[in-house]
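All of the numbers you see were taken from the coordinates with simple rules; none came from a lab. All of these numbers come straight from a predicted model, not from anything done at the bench. Backbone-built Cβ (ideal geometry, glycine too); neighbour counts: all protein chains shown.
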Amino acid sequence: MNGSPIDLSRYDNRAFDRGAPLWKEGLWRLVQGLFFQPLWHAPSGLRVFWLRLFGAQIGHRVVVRAGVNIHFPWRLRVGDDVWFGEDCLILNLAPVDIGDSCCVSQRAVLCTGSHDYRSPTFDLITKPIHIHTGSWIAACAFIGPGVEIGPRSVIAAGAVVTRSIPSGHLAKGNPAAHSPID
């Protein structure tokens, strides 16, 4: 292949709807810096308060640890009894829906966006992520755009998941292969 298939001088992201006005996004970035990645300890309940204030739908008994990076709270829906570990990243350019009793462990990444590398204009592609009830996303796992994690499934540490995982399965590796949980 001669040269790069991508010509970033032609990239145009103006059609992407950020889901909120720029003032709200700017205010969220300020709150994020003060309460989610601060130099001082902010309690989980305070983080949940701010997420709800910015439009996230958050259930009861949700734990949000320090360093959690949520891009657009207004595109986040979380059930009851959910835990977010330190430094996990939720890049929710499209909706992220997490059912009850789920754990998203430290440094896990939920990423709803990518780009069409075949397009010279590197078009943005967004697809929602859905994690069903009773599932665990272990440390440093990556969940890609459009992935659905079935109920009671486990995504092993460091797994790279780019396709949906059925109910009651363990997914591990890169790319993730899955099998029923014993």
Dimensionless Rg/Rh of the range 120-182 - Kirkwood Rh, Rg from C-alpha atoms:
1.03
Fewest-first ranking of 34, 89, using other Cβ atoms within 10 Å as the exposure measure:
34, 89
Charges only on Cβ, +1 for Lys and Arg, -1 for Asp and Glu: so what's the dipole of the chain about the Cα centre, in debye to the nearest 20?
220 debye
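Dividing the Cα radius of gyration by the Kirkwood radius, what Rg/Rh value follows for the chain?
We get a ratio of 1.00 for the chain.
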Relative contact order as a percentage, the range 20-180, C-alpha pairs under 8 Å and 6+ apart, gives 13 percent
Farthest towards the positive end of the dipole of the range 45-182, among 162, 137, 114 and with Cβ unit charges of +1 on Lys and Arg and -1 on Asp and Glu, lies the Cα of 114
Inter-part gap, Cα centre of the range 133-182 to Cα centre of the range 36-71, in whole angstrom, is 24 Å
